[in-house]
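The structure under discussion appears below in the form of structure tokens.
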Amino acid sequence: MFTDSHCHLNYKGLRQDEAGVLDRARAAGVEAMLNISTRQSEWDEVIAVAEREPDVWASVGIHPHEADAHPDVQTATLVERAAHPRVVGIGETGLDFYYDHSDRDRQRASFRAHIAAARETGLPLIVHTRDAEEDTAAALEEEMGKGAFPGVIHCFTASAAFAERALGLGFYISLSGIVTFKNARDLQATAATIPADRLLIETDSPFLAPVPHRGRPCEPAFVADTARFLAGLRGVAVEDLARQTSANFVRLFGKVGRKAS
């Protein structure tokens, strides 16, 4: 059974066929999905899906692209909403200096507010980073010195050196369909070396559909294709990789296990 550790079920391309998307995921063996929020206006909708569907969980957070639109994001607000029983993570948050859709200092301030919320709640921080490896790693390392917090680097595409720094902080690393792309040689080399007990898989639906679904809207069912590719890359049975990554998901997002038991 597979787990999609990062998807956006409320985004265009999935929202219009929510029932079909969920049915196809379950038919493909997906037993849990984490529905990620990227702006405050989404929180109610993302949580509502998790309330309706027992195999869907929710996060609360502000994407770095949205930092300018949320200049006053407060740790206390994140902590308050994270108390909901179906909210299991903080984010996605982080730094994106590739697009620079938001001011970099506002991105940094938002990131720190989310880190503080993860520390206070004990819920994992869900980190987006693009063209900001050094700033992201430095912020995480500095903040970790103030008090530990769990987390995951989602949709990992960064360097092997960044992976080592993230793993050194106790973080998990989540791989998306990008790892199946023909031109992702460096990522594939790193993916082959990630410790089995720190590995997650995701779709980032509706983006980044893996081979053989390129050019189509991605959906949680496709996490099985990423898992099959990754299992071949790592020389393990896909059933073993599915079990391991699902167990890792429950270990990291501990609230899932508590509520499931």
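The values are calculated or read from the model by the stated rules, or taken from the named source; none is laboratory data. Nothing here was measured: the structure is a model prediction, and the numbers come from that model. Heads up, the Cβs are rebuilt from the backbone with ideal geometry, glycines too, and the neighbour counts pull from every protein chain shown.
A residue that is of a type outside the set (Phe, Trp, Tyr), touching a Ser or Thr at 6+ places or on another chain (Cβ under 7 Å) and in contact (Cβ under 8 Å) with a residue 24 or more places away in the chain cannot be found anywhere in the stretch 49-57.
Within this structure, Ser110 passes the test of being crowded, with 21+ Cβ neighbours inside 10 Å and either assigned to a helix (DSSP H, G or I) or without any contact (Cβ under 8 Å) to a residue 24 or more places away in the chain (or both).
Looking at Ile178, Ile194, Ile173, which is the one that is crowded, with 19+ Cβ neighbours inside 10 Å, in contact (Cβ under 8 Å) with a residue 24 or more places away in the chain and part of a strand (DSSP E or B)?
Every option except Ile173 fails the conditions.
Among the residues that make up the stretch 219-233, is at least one of them on the phi < 0 side of the Ramachandran plot, in contact with an Asp or Glu (Cβ under 6 Å, 6 or more places away or on another chain) and crowded, with 20+ Cβ neighbours inside 10 Å? Looking through the stretch 219-233, at least one residue is on the phi < 0 side of the Ramachandran plot, in contact with an Asp or Glu (Cβ under 6 Å, 6 or more places away or on another chain) and crowded, with 20+ Cβ neighbours inside 10 Å.
Selection of the stretch 1-38 for residues being surrounded by fewer than 16 Cβ atoms within 10 Å (Cβ to Cβ), small (Gly, Ala, Ser) and more than 13 Å from Phe222 (Cβ to Cβ) yields Ala19, Gly20.
Within the stretch 82-98, identify whether any single residue is closer than 17 Å to Gln40 by Cα, among the β-branched types (Val, Ile, Thr), touching a residue at least 40 places away in the same chain (Cβ under 8 Å) and in contact with a strand residue (DSSP E or B) (Cβ under 9 Å, 6 or more places away or on another chain), and answer yes or no. Yes.
Residues that are crowded, with 22+ Cβ neighbours inside 10 Å and either among the acidic types (Asp, Glu) or farther than 14 Å from Ala132 by Cβ (or both) within the stretch 142-153 comprise Phe149, Gly151, Val152, listed in sequence order. If the condition is being more than 16 Å from the chain's Cα centre (by Cα), in a loop (DSSP other than H, G, I, E, B) and within 21 Å of Val256 (Cβ to Cβ), then the stretch 56-85 contributes Ala83, His84, Pro85.
I want to confirm something. Restricting to the stretch 234-261 and keeping residues that are at pLDDT 95 or above, assigned to a loop (DSSP other than H, G, I, E, B) and over 17 Å from the mean Cα position of the chain (by Cα), which single residue is surrounded by the fewest Cβ atoms within 10 Å (Cβ to Cβ)? Step by step, filter the stretch 234-261, then rank; the result is Gly235. Listed by first and then second residue, the pairs with beta-carbon distance under 8 Å, at least 6 apart or on different chains, first residue in the stretch 16-37 and in contact (Cβ under 8 Å) with a residue 60 or more places away in the chain, second outside any strand (DSSP E or B) and among the polar types (S, T, N, Q), are Glu31/Ser246; Ala32/Ser246. Evaluate the stretch 1-9: report whether one residue or more is modelled with pLDDT under 95, in a loop (DSSP other than H, G, I, E, B), out of contact with any Phe, Trp or Tyr (no Cβ under 9 Å at 6 or more places or on another chain) and more than 19 Å from Leu123 (Cα to Cα). So far as the stretch 1-9 goes, yes, one or more of its residues are modelled with pLDDT under 95, in a loop (DSSP other than H, G, I, E, B), out of contact with any Phe, Trp or Tyr (no Cβ under 9 Å at 6 or more places or on another chain) and more than 19 Å from Leu123 (Cα to Cα). The C-beta contact set for the stretch 122-143 (first residue in contact (Cβ under 8 Å) with a residue 12 or more places away in the chain, second residue part of a helix (DSSP H, G or I) and of a type in the set (Ser, Thr, Tyr), distance under 6 angstrom, 6+ apart or interchain) comprises Thr129/Thr136.
Out of Ala25, Ala19, one residue alone is touching a Pro at 6+ places or on another chain (Cβ under 8 Å), small (Gly, Ala, Ser) and assigned to a helix (DSSP H, G or I). It is Ala25.
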